[in-house]
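The values are calculated or read from the model by the stated rules, or taken from the named source; none is laboratory data. Just so we're clear, the structure is a prediction, and the values are computed from it rather than from any experiment. Here the Cβ positions follow ideal geometry from the backbone for every residue, glycine too, while neighbour counts run over all protein chains shown.
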Amino acid sequence: MDANLFKGNLDLILLSVLEREGGYGQDVAKRVNALTNGEITLNAGSLYPALHRLERAGFLEAQETLPARGGPPVRTYALTAAGRAELRRRQNSYQSFDQALRRLWS
């Protein structure tokens, strides 16, 4: 997959996955990988800065939780109401762009 396509849509990817169910960073990365059949793989270098940016923007809320398996606390993320609105805005924008491209190809 083209890295520029990935970078330009990382926030949309994260908001989409977190809308289904909140989670911690590594869990989000695993779900993205599974839901896309391995087409999209998130690494820590892009994942965590994006999660922190979305949290600062008010689209995600985070809380420290203790993992069921034990160990140090993990930061768990969930969408806020503003995050749901931003997800809808980004989905609509992406759909419009996709439709415009498809018209070019027909």
(message) Can you say whether Thr80 is closer than 21 Å to Ser93 by Cβ, out of contact with any Ser or Thr (no Cβ under 6 Å at 6 or more places or on another chain), surrounded by 12 or more Cβ atoms within 10 Å (Cβ to Cβ) and free of Cβ contacts under 8 Å to residues at least 12 places away in the same chain, as far as the supplied structure shows?
(response) no
(message) Whether any residue in the range 75-93 is modelled with pLDDT under 95, of a type outside the set (D, E, K, R) and in a loop (DSSP other than H, G, I, E, B) is what I want to check.
(response) no
(message) Taking the conditions exactly as written (of a type in the set (Lys, Arg), over 15 Å from Val17 (Cβ atoms) and over 11 Å from the mean Cα position of the chain (by Cα)), does Arg84 satisfy them or not?
(response) no
(request) Among the residues of the range 56-89, count how many are among the aliphatic types (A, V, I, L, M) and touching a Pro at 6+ places or on another chain (Cβ under 6 Å). (result) 2
(request) Go through the range 12-30 and count every residue that is modelled with pLDDT of 95 or more, buried (at least 16 other Cβ atoms within 10 Å of the Cβ) and touching a Leu at 6+ places or on another chain (Cβ under 6 Å). (result) 3
(message) Take the residues in the range 38-50 that are of a type outside the set (Asp, Glu) and modelled with pLDDT under 95; name whichever of them is farthest from Val17 (Cα to Cα).
(response) Gly45
(message) Of all residues being of a type in the set (D, E, K, R) and not in a helix (DSSP H, G or I) in the range 31-73, which is surrounded by the most Cβ atoms within 10 Å (Cβ to Cβ)? Just the residue, please.
(response) Glu61
